[in-house]
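Values quoted throughout were computed directly from the atomic coordinates according to the rules given, and no laboratory measurement underlies them. What you see is a predicted model; the values in this text were computed from it and never measured. Using ideal geometry, Cβ is built from the backbone for each residue, glycine included, and neighbour counts are taken over all protein chains shown.
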Amino acid sequence: MGSWRRALVIGGSVGGLFAAIRLLRDGWDVEVFERSPVELAARGAGIVVQPQVVAALRSLGLGLTRDLGVDVSRRQTLDRSGRVIAQALRPQVATSWNRLFDILRTGFPGGRYHLGRDLVGVEQDGSAVTARFADGGAATGDLLVGADGFRSSVRRTFAPQTRPLYAGYVAWRGLVEEEAFPPDLHRQMFGFFSFGLPPEEQILGYPVAGDGSADQAGRRRYNFVWYRPADELTELPRLLTDETGYRHEMSIPPPLIARAAIAEMRAHAEEVFPPQFCEIIRLTEQPFLQPIYDLESPHMAFGRVALIGDAAFVARPHVGAGTAKAADDAMRLADMLTAEGSIEAALARFEAERLQMGRRMVEQARRLGTYMKRDFVSEAERLRAERHRSPEAVMAETALLDFLGA
Ligand SMILES: Cc1cc2nc3c(=O)[nH]c(=O)nc-3n(C[C@H](O)[C@H](O)[C@H](O)COP(=O)(O)OP(=O)(O)OC[C@H]3O[C@@H](n4cnc5c(N)ncnc54)[C@H](O)[C@@H]3O)c2cc1C
């Protein structure tokens, strides 16, 4: 053990908590600083529980006594008339963000988790790193873990040139309470991970754990994600402009989405989707909109500072890898810190391994996203896209991390 023992974790979401819990168990003095002044709460979508998340929870002794979520092993693709045209078996469990977050949050001492601490600056030298916060306060440690998500302030400090790249399409998402499902629809959809595949658009849906960690039948929810092209210069700005005419950057709070945009989305669904998905969209009271971006940081280590999770890489949701990668980044960072004699050496090894993983994940998600592409730069690209367009290919690759060799 060296004299480098105090870790500052910036961001108290899934990635930050995985890192904080593991480092605390490894003997570090850990503090988590979260910008939000109130407890984090779900943005409302489902999460496919990948093996990496289960392994990380298990290694931390968390979540073993309770089921994590809902079984979504049976996959099916429906055609426009609602007929099942393909099926596949892929053992998987889906949960809610709340459920995973609750397990992690209760696994970390409350007194070390600080809400309302917005990081605004980081300084470091050969012996320490200091985090500065918007409230004027500061904290000094030996290691700083930037787990502050997609728009990371830590990343902005060290890699300011890194920008999210718009993928050319958005996802409309929504959640419906299980009890709102009519019996017929429930029978056809609730036990499945289902897909609808009209040209250049894709919808998928599956049940997830309900509120307050409920996974009992009757109290679950159904979650859908619908990918749809939206031109960056015309369509996207329109979708991000709210009822008052205000233009939001990159995302828009669901209650502010313009009524006309929602009405147009609902009308289009009726034109292209199987009746089962149309009904689910009709049952969705508050849809939300997620423009799809790729984000790749050129580095994950800067002296005593490491980036993990969404702060470093964001892949399109097709791979369902966000929480898995955040968990794995956190575990591998801690492994390297245990194995190496200095923080700098540990972080250099961490970066060499995890940059590769992040790039592979983003690349695979991009490949799956070619399904939504209209124009191709070459015939080879068009042919590659075609290979990922069959129901069998989509079902075999979506939300599965086999490509990582995990
Ligand atoms: C409230 C919330 C709900 C989510 N719901 C879903 C969901 O339903 N489905 C899904 O697939 N994914 C969801 N995600 C995203 C998912 O958790 C991540 O993609 C993935 O787990 C990687 O997480 P992360 O911890 O790296 O980043 P994030 O989960 O994005 O967390 C980053 C954290 O850093 C904090 N932060 C940002 N800037 C600062 C700063 N300057 N100072 C201090 N703290 C800062 C943010 O408030 C946030 O809590 C959600 C994330 C959050 C925060």
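Computed from backbone phi, the HN-Hα couplings of the stretch 391-399 come to x, 5, 5, 4, 5, 6, 10, 5, 6 Hz, rounded to whole numbers (Karplus: 6.51 cos²θ - 1.76 cosθ + 1.60, θ = phi - 60°; Gly and Pro given as x). Whole-Hz Karplus values for the stretch 226-234 come out as 10, 8, 8, x, 8, 4, 5, 8, 10 Hz, taken residue by residue from phi with 6.51 cos²θ - 1.76 cosθ + 1.60 and θ = phi - 60°; glycine and proline positions read x. Computed over the chain with a Gaussian network model linking Cα atoms closer than 10 Å, the most mobile of LEU78, LEU100, LEU165 is LEU165. Among SER81, SER251, SER13, SER342, a tally of other beta-carbon atoms within 10 Å of each Cβ gives an order, fewest to most, of SER81, SER342, SER251, SER13.
Find out how many positive minus negative residues lie around GLU363, taking Lys and Arg as positive, Asp and Glu as negative, among other residues whose Cβ is under 11 Å from that of GLU363. Walk me through the numbers before you get to the answer.
Working: positive: ARG316, ARG359, ARG360, ARG366, ARG367; negative: ASP294, GLU296.
Its environment carries a net charge of +3.
Extension gain, GLU340-ARG238: 0.36 nm per intervening residue step, less the Cα-Cα distance, totals 31.6 nm. If the segment from ARG80 to ARG187 were pulled out straight at 0.36 nm per residue, it would be longer than the present Cα-Cα gap by 36.7 nm. The phi torsions of the stretch 347-357, fed into the Karplus equation with coefficients 6.51, -1.76 and 1.60 and a -60° offset, translate into couplings of 5, 5, 5, 4, 4, 4, 6, 7, 4, 4, 5 Hz, rounded to whole numbers, with Gly and Pro shown as x.
Which percentage, to the nearest 5, of the DSSP beta bridges contained in the chain is antiparallel?
On the way: 51 of 69 bridges.
In the chain, approximately 75 percent of DSSP beta bridges are antiparallel ones.
Modelled spin labels at ALA393 and GLN161, positioned 7 Å past Cα toward Cβ, are 3.4 nm from each other.
Take every pair of alpha-carbon atoms less than 8 Å apart whose residues are at least six positions apart; their mean separation over the length of the chain yields a relative contact order of 21 percent.
Computed extension gain for ASP402 through ALA180, at 0.36 nm per residue and net of the alpha carbon distance, reaches 76.5 nm.
If R0 is 41 Å, the Cβ-Cβ spacing of VAL38 and LEU89 corresponds to a FRET efficiency of close to 0.50. Put simply, the amide H of GLY121, placed in the peptide plane, has neighbours under 5 Å in ARG132, leaving out anything fewer than 5 places away on its chain.
With the radius of gyration and the Kirkwood radius both derived from the Cα set of the stretch 20-99, what is their ratio Rg to Rh? Dividing the radius of gyration by the Kirkwood radius yields 1.13. Label sites at ALA380 and ASP211, each approximated as a point 7 angstrom past Cα along Cα to Cβ, lie 5.2 nm apart.
Ordered by the count of other Cβ atoms within 10 Å of each Cβ, fewest first, LEU89, LEU119 give LEU89, LEU119.
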